[in-house]
1. Of all residues in the range B:67-124, how many are more than 13 Å from chain A (Cβ to nearest Cβ), over 25 Å from A:Ser91 (Cβ atoms) and either assigned to a helix (DSSP H, G or I) or in contact with a strand residue (DSSP E or B) (Cβ under 9 Å, 6 or more places away or on another chain) (or both)?
2. Counting only residues that are surrounded by 24 or more Cβ atoms within 10 Å (Cβ to Cβ) and more than 7 Å from chain B (Cβ to nearest Cβ), which one in the range A:75-84 is farthest from A:Leu29 (Cα to Cα)?
3. Against the definition (touching a Phe, Trp or Tyr at 6+ places or on another chain (Cβ under 8 Å) and under 17 Å from A:Thr87 (Cα atoms)), how does B:Thr51 come out, yes or no?
4. Which ranges mark the strands (runs of 3 or more DSSP E) fully within the range B:7-66 that have 3 or more residues being surrounded by fewer than 23 Cβ atoms within 10 Å (Cβ to Cβ) and without any contact (Cβ under 8 Å) to a residue 12 or more places away in the chain?
5. Of all residues in the range A:113-128 being in a helix (DSSP H, G or I) and β-branched (Val, Ile, Thr), which is nearest to A:Gln208 (Cα to Cα)?
6. Just to be sure before I move on: is B:Ile193 free of Cβ contacts under 8 Å to residues at least 40 places away in the same chain and aliphatic (A, V, I, L, M) in the structure I sent?
7. Could you say whether any residue in the range B:215-229 is surrounded by 18 or more Cβ atoms within 10 Å (Cβ to Cβ), in contact with a Cys (Cβ under 8 Å, 6 or more places away or on another chain) and not hydrophobic (A, V, I, L, M, F, W, C)?
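Laboratory data are not the source of any read-out in this text; all were calculated from the coordinates shown. As the structure is a computational prediction, the values presented were derived from the model and not from experiment. Counting neighbours? That spans all protein chains shown, and the Cβs are built from the backbone with ideal geometry, glycine included.
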Amino acid sequence: MRATWTVFRRELAAYFATPLAYIFIVIFLALAGALTFFVGGFFERGQADLQPFFTFHPWLYLFLIPAISMRLWAEERKTGTIELFLTLPISMASAVLGKYLAAWIFTGIALALTFPLWITVSLLGSPDHGIILAGYIGSWLMAGSYLAIGAAISALTKNQVIAFVVTCAVCFLFTVAGSPIVLNVLTGWAPQLLLETIASFSFISHFQAISRGVIDLRDIIFFGSLIAFSLFANAAAVELKKAN
Amino acid sequence: MDEMIVVDGLTKRFGPRAAVDHVSFKVKRGEVLGFLGPNGAGKSTTMKMITGFLAPSSGRVAVCGFDLEDAPLEAKKRIGYLPEGAPAYPDMTPAGFLDFIARIRGFDGAERQKRVIDAAAKTQLGDVFHQPIETLSKGFKRRVGLAQALLHDPDVLILDEPTDGLDPNQKHEVRALIRGMAANKAIVISTHILEEVEAVCTRAMIIAQGRIVADGTPLELEQRSRHHNAITVVLDSDGLTDVKLAAICATFEGLDFVSGVEVGAPNELGRPITIFSRGRLPMGPEIGQRVDQLGWPVAELRVERGRLDDVFRDITKPASKQAA
């Protein structure tokens, strides 16, 4: 526990030691705002909610989250610090969890800084605050899922660019799993069960359910188990690849 | 608990190639063991297995009685490790980095600060304590790595090329530091600087192709050199013709306790010839007497102790050449 906390502290501080954190936050806020107002038609809709804001989150995360996750392990392997890190008296679980939580809290900070939108919508009308809170929770869970996938992929390579590109591709598949892009390829020859299974992996449908204010345990379990599975894969990948 | 490191049948295979092949040894408290060997001999891989970074393909390692497989955290707590190349987080300062290590090592409050300051003082990091590690010179980076390894005053120190990249003064300081700590620790260092072995090690081990090919004190290893008890005579080169030189060499070669004579390149003192002893036995008086009888001025006469690099080359060169 203590080791996890120490790793977490160092990792979180590392984001703010370089311009990475500030650039990420600024770009995240700028894009989130632009999409909400210009593409999402925040004002034109005339509704006091944050649907236009949350709708774009999967697409925003799709390429911003890999930029965070790509360095998690690939950088340690590139600089050789992984040898130092993994010979310290900490368990693999602490190492994986400490790094992951730091990245997740960091995205949480970026997400929390969109609070002026919540204030804006509250001033303009009387939104359902429960739904907005649910949207934030869902968004953060989804970000955590993208991150966990990215962390596992980052452990497989020394090259951050490869980690970024592969994570983007894998996350894209998870994002659009339930959409015609993927399902049309399979319809006609794949069994219905496979089709439904793949569709059920769609981040968008799970996220939309939560962001409409329906906090269904199944959606929470979906993201939770995906994170847990990815972190297991992460630990296994580190163990497998650390020597190369 | 006298045997601090116990390595038993340690093997690491990368595909079909065995990087480390059934290596067994023990290191006691107070010993400084020097790993010698050509590049790729398996020195670093062995160290990576002792410190628990790599899992062995077979064999076991125990540090202070804790098996690296069964109780890795207990073993790792007792090890200070400087990995090859002294990696450290580039955007941290030595201060921040050492603080992180101290926290991970379980130190709190005033004790943590004291440990960090002590480690920085021992390795003389003062001037760069608050500069990002990526801006430091190679020598300072190495010292940050050393500070990190020493911080918790471990019973076992594993240092992979601790003086690589240091200037002669820094090398001297690091060696003095290692010697100073040697009495109550078990230390393993790897190096390919042979003089370092003589300077700090109580025991040297030569590794080639993943196997231990020699193990002994530096003196014992030197005795295996053909230079051991050889005598070098530096002849005054004024008027020394090739014919005369050949005649002098022949005088020594004719002695039954001499196995051979080698003529060296002329230097500012004169022309050195090295007389090798059959069976590496002392032959000082006998040769001294013959030199007096030569009637040729001699600039220098010295008995060789033996050369580690000789032994190193003899032992580690490929088998085909050894047979020849």
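1. Summing the residues that are more than 13 Å from chain A (Cβ to nearest Cβ), over 25 Å from A:Ser91 (Cβ atoms) and either assigned to a helix (DSSP H, G or I) or in contact with a strand residue (DSSP E or B) (Cβ under 9 Å, 6 or more places away or on another chain) (or both) in the range B:67-124 gives 9.
2. The selected residue is A:Ile82.
3. yes
4. Fully inside the range B:7-66 and qualifying: nothing.
5. A:Val121
6. yes
7. yes
Per-residue answers, yes or no, for (1) in contact with a helix residue (DSSP H, G or I) (Cβ under 8 Å, 6 or more places away or on another chain); (2) more than 21 Å from A:Gly135 (Cβ to Cβ):
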position	(1), (2)
A:Thr6	yes, yes
A:Ala17	no, yes
A:Leu29	yes, no
A:Gln47	no, no
A:Leu50	yes, no
A:Leu62	yes, no
A:Ile65	yes, no
